[in-house]
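The values are calculated or read from the model by the stated rules, or taken from the named source; none is laboratory data. Keep in mind that what you see is a predicted model, and the values were worked out from it rather than measured. Every residue, glycine as well, gets a Cβ built from its backbone with ideal geometry; the counts of neighbours run over all protein chains shown. For the accessible areas, the whole protein counts, side chains as well, though only heavy atoms, and no ligand, DNA or RNA atoms are used. Shrake-Rupley method; radii C 1.70, N 1.55, O 1.52, S 1.80 Å.
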Amino acid sequence: MPDYQKYFSDAIDRLKAEGRYRVFTEIERHVGQFPNARDHTRDKDITIWCSNDYLGMGQHPDVIGAMEEAARNSGAGAGGTRNIGGNNHEVIKLEEEIANLHGKEKALAFVCGYVANEATLSTLAAIMPDTITFSDQMNHASMISGIKAGRSEKHIFRHNDVEHLEELLKQADPARPKLIAFESVYSMDGDIAPIEKICDLADKYNAITYLDEVHAVGMYGPRGGGIAERDGVAHRVTIIQGTLAKAFGVIGGYIAADATLIDVIRSYAPGFIFTTALPPSIAAAAKASIAHLKKSSIEREKQQDRAERLKSMLRQCNVPFIDSETHIVPVMVGDADLCRQASEILSDEYGIYVQYINFPTVPRGTERLRITPGPFHTDEMMEKLVEALCTVFDRLKIRKVA
């Protein structure tokens with residue numbers, strides 16, 4: 001007879017033996033105090049250094065005010081899926097704001113960025129007969145899942161390698177539909193895709209492009225439209241996908257594209273059709289956040305200043321990190337167990353919360369502490385962080401750089 005409990009316990013034991021078992025820390029944030037928070041797991045105050053609320057917009061008065069007003073006016077929930085419960089007015093206004101942000105005809109909001117990627121990519125492959133999908137080697141799990149679900153022919157090109165991508169495109173039948181899927185900012189290393197060159201190849205080989213900007217929207221460009229806006233190429237990208245859960249500080253995902261393509265995804269994607277809509281309060285808060293960051297660059301400029309300041313301090317301490325041009329600062333450990341220990345010591349002894357990143361999120365041997373300095377991290381907080389990192393690296397004998 002099957003021993004179901006053993007299946008489950010063995011699966012957990014394997015993760016623990018490999019040093020990949022994840023422990024979630026119970027954290028309570030307080031408006032006006034972020035990045036400081038309360039760690040209920042350890043019953044102590046901490047400073048958060050790994051939040052994806054990159055600009056602290058989750059506590060912005062305009063965002064909270066919009067959420068409260070919409071909840072008072074429309075209630076807490078959305079009332080169901082959009083095809084049954086109806087398009088609530090706040091979601092429509094949010095989609096108009098998103099489309100304007102990216103200079104596209106239409107946008108479509110999803111419950112989260114993962115669903116936006118999975119639903120859109122799988123549906124595109126199903127709609128276009130005999131599609132060939134070209135996927136960057138470092139694409140997010142949600143993109144990979146969507147591509148697999150679409151069951152199209154798939155080719156993986158080396159990360160950010162346009163020459164390899166062109167080699168693969170050359171071999172493809174010119175008559176077949178082709179989709180190039182990639183990200184702008186890659187979240188684990190903080191590097192940036194050559195968007196313009198990829199668009200050049202798309203034009204040359206008659207392909208469409210799908211650009212995931214989740215770690216860039218709100219953060220780059222004069223209005224926060226992402227790397228494509230910053231580089232002046234947003235109009236050349238077929239579909240821009242983004243999130244409302246990172247720099248915009250709320251939750252949800254979206255795509256922006258021409259009206260017909262959006263209508264196709266709205267009409268065919270199960271991940272959209274059969275999921276409950278975003279509640280009015282969430283949609284209103286996200287719209288307020290986007291609207292604010294369209295006209296305000298203060299948060300972006302301050303965040304970039306903080307990131308550069310931290311990198312400078314880490315260099316002086318010889319702590320190894322990937323020196324990208326973005327806001328993500330990956331401190332490299334290179335061992336799963338040491339990475340976990342370093343994270344735990346930082347929390348237990350210094351009140352510094354930075355979650356360890358191990359396989360399968362990153363390849364084995366590249367384990368790291370992914371640090372995301374924000375506009376509210378002070379010099380004093382940074383000095384405490386760098387001093388603690390230096391001490392922990394020495395104690396655990398983690399390799400430093402010359």
Subset of region 183-222 (residues that are charged (D, E, K, R), surrounded by fewer than 20 Cβ atoms within 10 Å (Cβ to Cβ) and in contact with a helix residue (DSSP H, G or I) (Cβ under 9 Å, 6 or more places away or on another chain)): E196, K197, D200, D203, K204
For region 158-182: of the residues being closer than 30 Å to H215 by Cα and in a loop (DSSP other than H, G, I, E, B), which is most open to solvent (accessible area, probe 1.4 Å)? R158
Scope region 33-49; condition touching a residue at least 12 places away in the same chain (Cβ under 8 Å) and either among the hydrophobic types (A, V, I, L, M, F, W, C) or assigned to a strand (DSSP E or B) (or both); matching residues: F34, N36, A37, D39, K44, D45, I46, T47, I48, W49
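Show me the helices (runs of 4 or more DSSP H) found entirely inside region 241-330 where at least 2 residues are of a type in the set (V, I, T). Outline the logic, then answer.
Numbers: elements: 259-268, 270-273, 280-295, 298-317.
Filter on region 241-330 gives 259-268, 280-295.
With the requirement that a residue be in contact with a strand residue (DSSP E or B) (Cβ under 8 Å, 6 or more places away or on another chain) and open to solvent by less than 20 Å² (accessible area, probe 1.4 Å), what does region 291-326 give you?
Within region 291-326, A307, L310, K311, L314, V319, P320, S324, T326 meet the criteria.
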Being closer than 25 Å to L15 by Cα, part of a loop (DSSP other than H, G, I, E, B) and either of a type in the set (D, E, K, R) or modelled with pLDDT of 95 or more (or both) narrows R340, R364 down to just R364
Region 62-146: helices (runs of 4 or more DSSP H) wholly inside it with 2 or more residues that are β-branched (V, I, T) and surrounded by 15 or more Cβ atoms within 10 Å (Cβ to Cβ) are 89-102, 113-127
Flagged in region 8-32 as open to solvent by 100 Å² or more (accessible area, probe 1.4 Å), outside any strand (DSSP E or B), closer than 23 Å to K384 by Cα and not hydrophobic (A, V, I, L, M, F, W, C), in numbering order, are E26
Filter region 276-290 for residues that are of a type outside the set (A, V, I, L, M, F, W, C) and surrounded by 15 or more Cβ atoms within 10 Å (Cβ to Cβ); which is nearest to E97 (Cα to Cα)? K287
E213 passes all but one of the listed conditions (1) farther than 30 Å from F376 by Cα; (2) under 16 Å from the mean Cα position of the chain (by Cα); the exception is number (1)
Return the pair list, or none, for Cβ contacts closer than 6 Å from residues in region 108-120 that are more than 12 Å from L278 (Cβ to Cβ) to residues that are among the small types (G, A, S) and surrounded by fewer than 24 Cβ atoms within 10 Å (Cβ to Cβ), at least 6 apart or on different chains. Y114/S142; N117/S142; E118/S142; E118/S145; E118/G271; A119/G271
List every residue pair whose Cβ atoms lie under 6 Å apart, where the two residues are 6 or more positions apart in sequence or sit on different chains, the first residue falls within region 247-275 and is open to solvent by less than 10 Å² (accessible area, probe 1.4 Å), and the second residue, located anywhere, is aromatic (F, W, Y). A247/Y54; G253/F110
Any pair with Cβ under 9 angstrom, 6 or more apart, that starts in region 152-166 at a residue that is more than 24 Å from E118 (Cβ to Cβ) and ends at one that is modelled with pLDDT of 95 or more and aliphatic (A, V, I, L, M): V162/I198; V162/L201; E166/L201
Residue tally, condition β-branched (V, I, T), touching a helix residue (DSSP H, G or I) at 6+ places or on another chain (Cβ under 6 Å) and over 19 Å from F274 (Cα atoms), over region 123-147: 3
